[in-house]
1. Of these, B:79, B:25, B:107, B:101, which one is within 14 Å of chain A (Cβ to nearest Cβ), part of a helix (DSSP H, G or I) and free of Cβ contacts under 8 Å to residues at least 40 places away in the same chain?
2. Of all residues in segment A:217-242, which are open to solvent by 40 Å² or more (accessible area, probe 1.4 Å) and either assigned to a loop (DSSP other than H, G, I, E, B) or closer than 27 Å to residue A:352 by Cβ (or both)?
3. When you go through (1) assigned to a loop (DSSP other than H, G, I, E, B); (2) more than 21 Å from residue A:305 (Cα to Cα); (3) free of Cβ contacts under 8 Å to residues at least 40 places away in the same chain one by one for residue A:251, which number turns out not to apply?
4. Would a scan of segment A:255-267 turn up a residue that is of a type in the set (A, V, I, L, M, F, W, C), assigned to a loop (DSSP other than H, G, I, E, B) and out of contact with any strand residue (DSSP E or B) (no Cβ under 6 Å at 6 or more places or on another chain)?
5. Touching a helix residue (DSSP H, G or I) at 6+ places or on another chain (Cβ under 6 Å), more than 10 Å from chain A (Cβ to nearest Cβ), at negative phi and at pLDDT below 95, is that true of residue B:170?
6. Scan segment B:114-138 for residues that are of a type in the set (A, V, I, L, M, F, W, C) and within 7 Å of chain A (Cβ to nearest Cβ) and jot them down.
7. In segment B:82-98, how many residues are within 12 Å of another protein chain (Cβ to nearest Cβ) and open to solvent by less than 50 Å² (accessible area, probe 1.4 Å)?
8. Could you check segment A:95-141 and list, in sequence order, the residues that are among the aromatic types (Phe, Trp, Tyr) and within 22 Å of residue A:79 (Cβ to Cβ)?
Amino acid sequence: MTKGSVKNGQPQWRSLSSRTNPDQGSVREFPEGAENLELDGVSRRQFLAIMGASTALAGGLTGCVRKEVEHILPYSRRPEDQADGEARFFATNLYVGGVALGLLVKSQDGRPSKVEGNKEHPSSGGGTNVFAQATVLDLYDPDRSRTALKAGAESTLEEALAAVDAALVGHKDAGQGLAIVIDSKPSPSNRALLASIAKRYAAAQIYTHDNADQANTREGMALVGVASSHPVYDLSVADVVVSLDADFMGTGVDAVRLTRQFAGRRKPEAAKAGEINRLYAIEPAFTVTGATADNRLQVAASQVGTFARLLASKLAASGVTLPAGAEALGGAALQADETLTKWADAVAKDLAGKRGKAVIIVGERQPAWVHGLAHRGPTRSPRIWLPSVASRSSSSASASPPGCMALPTS
Amino acid sequence: MAQIFPRWSNRLPLAIAAVVPLLVASLGGALWYWGSPKFTDVGYRPEQPVPFSHKLHAGEMGMDCRYCHNTVEKAAMAAVPPTSTCMNCHANVLPESAKLARIRESAKNDVPVKWVRVHMLPDYAYFNHSVHLSAGVGCSSCHGRIDQMPVVAQAKPLSMGWCLECHRAPEANLRPASEITNMAWDSTTANYRADEDPKRLRKVKDLHPPEHCSGCHR
């Protein structure tokens with residue numbers, strides 16, 4: 001059909017162009033002669049006929065012959081507890097940014113097939129994130145090193161160990177000229193090992209390599225006198241959460257646990273009991289956290305620190321004592337536009353009434369002094385920003401701001 | 001002008017009309033019979049890389065199936081045993097036998113023996129040994145007299161119709177848990193009725209073998 005058809009005396013049209021210009025007819029969907037198109041001497045009809053016949057033969061007759069030969073290759077020595085064909089689950093951890101995510105890896109006949117969260121691990125509670133889900137592909141990465149390398153060439157683990165032995169034996173002294181590069185895992189046994197190396201080879205250099213290093217956060221903690229630590233927040237007791245460029249429900253560290261805790265205070269039951277939490281997000285980019293926030297303010301990245309300083313001064317004005325020096329963090333004189341000031345006013349008012357039930361989280365992208373301000377400000381003495389949590393065992397926990405447990409990072 | 005076709009050719013269409021359907025029907029019948037698993041699969045008896053004999057080990061020596069197929073009661077697969085199971089004995093029994101060379105090589109170099117699979121369902125059909133054993137179905141109901149086979153052969157068609165035949169009325173195929181691997185056991189000679197057995201862990205009325213498609217095609 002090339003012209004607009006006529007139905008009930010009314011011309012029918014199929015496109016705006018055929019309506020405005022009914023004589024032109026509708027545009028052809030297929031090119032001219034498509035139904036007779038021939039490729040390699042086989043017409044469309046012939047092609048379908050041949051396909052049909054071969055499909056019928058393939059489906060109809062192969063069902064009637066013995067299936068192809070298959071083999072069973074059992075282990076020569078089967079690992080204990082292994083039943084062929086049954087999945088086994090291994091508990092493990094994934095470290096990103098110094099935080100361990102508890103995982104269960106499903107393995108089928110020795111092949112890892114799926115990574116899921118470990119319900120019994122506090123950082124996961126059964127959940128995972130994109131990094132964890134992707135790690136299963138890592139295991140099949142052809143570029144993944146399967147053996148020790150020596151100057152880029154394949155070597156063996158035994159050779160590598162022998163070389164390390166020889167090098168260390170050569171270092172009977174304090175280890176001058178010896179450097180160790182290691183990935184950062186804040187596990188107690190790792191720390192103990194590194195400590196014993198440091199003790200034996202006092203002059204050796206130990207470098208950690210981590211592409212999700214939380215350097216700014218750590219430095220910020222150091223500013224308030226908690227060295228080599230990162231904060232661990234408890235959102236389950238927080239009525240108000242303020243995110244300063246922190247995507248703690250998306251790409252931030254510990255996002256799985258924080259999301260679960262945050263969501264736990266967003267249930268309809270919580271709303272009925274008047275316990276629903278409130279989230280302010282002050283951020284330069286779109287994030288999952290910003291999208292979830294009750295109130296979101298988009299500012300330039302450099303303005304996030306300005307906001308933190310404004311907030312600190314508003315809190316000080318509303319009777320919260322800031323320790324000496326807090327105002328000085330951030331350097332130059334405070335300059336803020338109207339929106340920022342209005343927001344700082346509102347947030348400060350909300351926070352002032354929430355002593356011990358509010359959390360301010362600063363994103364890793366922000367410079368150390370913003371982190372320092374968030375911890376330093378009113379958190380130390382009047383416990384208003386961070387809710388207090390019984391400090392869990394940790395060497396430096398006593399010095400950490402209340403409400404955030406400080407864990408040594410290295 | 002001479003006739004091209006003789007007179008009898010007038011009857012040709014009639015003859016064709018009578019014969020062709022017959023041919024088609026017999027071809028269909030032949031495919032249905034000789035093409036069915038009953039014909040193509042039963043008796044399948046491939047040569048194995050090691051001349052392992054169930055007749056000797058399970059029959060004459062009376063070893064329990066579960067000594068070797070030890071996951072059969074708790075897993076979907078009965079699993080062919082690892083080489084180490086054979087070496088439990090053959091490290092000392094016939095340590096020089098040429099027939100066992102492949103086994104010794106596997107144990108020494110930690111490489112698997114490449115057995116040929118005998119019983120094989122297509123991937124779209126789900127089967128689980130442990131469920132059947134805990135319900136009280138014996139090996140011999142599905143694998144025949146393995147203890148009399150020097151080389152394992154498929155005894156039952158393993159076709160869908162065969163599975164369903166038992167699923168519709170499993171009572172006659174159930175036995176006490178203690179007789180699961182007893183190849184010689186027979187319900188008539190043992191005069192056993194599953195629904196009257198007070199010792200059964202799982203009562204017959206509690207068994208629900210699936211007849212709906214998704215039970216086996218998951």
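The values are calculated or read from the model by the stated rules, or taken from the named source; none is laboratory data. Just so we're clear, the structure is a prediction, and the values are computed from it rather than from any experiment. Please note: Cβ atoms are built from the backbone with ideal geometry, for glycine as well, and neighbour counts cover all protein chains shown. Surface areas here come from the heavy atoms of the whole protein model, side chains and all, with no ligands, DNA or RNA. Shrake-Rupley method; radii C 1.70, N 1.55, O 1.52, S 1.80 Å.
1. B:107
2. A:223, A:225, A:227, A:228, A:236, A:237
3. Of (1) assigned to a loop (DSSP other than H, G, I, E, B); (2) more than 21 Å from residue A:305 (Cα to Cα); (3) free of Cβ contacts under 8 Å to residues at least 40 places away in the same chain, only one is false for residue A:251: (2).
4. So far as segment A:255-267 goes, no, none of its residues is of a type in the set (A, V, I, L, M, F, W, C), assigned to a loop (DSSP other than H, G, I, E, B) and out of contact with any strand residue (DSSP E or B) (no Cβ under 6 Å at 6 or more places or on another chain).
5. Against the criterion (touching a helix residue (DSSP H, G or I) at 6+ places or on another chain (Cβ under 6 Å), more than 10 Å from chain A (Cβ to nearest Cβ), at negative phi and at pLDDT below 95), residue B:170 does not qualify.
6. Selection gives B:115, B:116, B:120.
7. Residues that pass the stated criteria total 6.
8. The one that is among the aromatic types (Phe, Trp, Tyr) and within 22 Å of residue A:79 (Cβ to Cβ): A:140.
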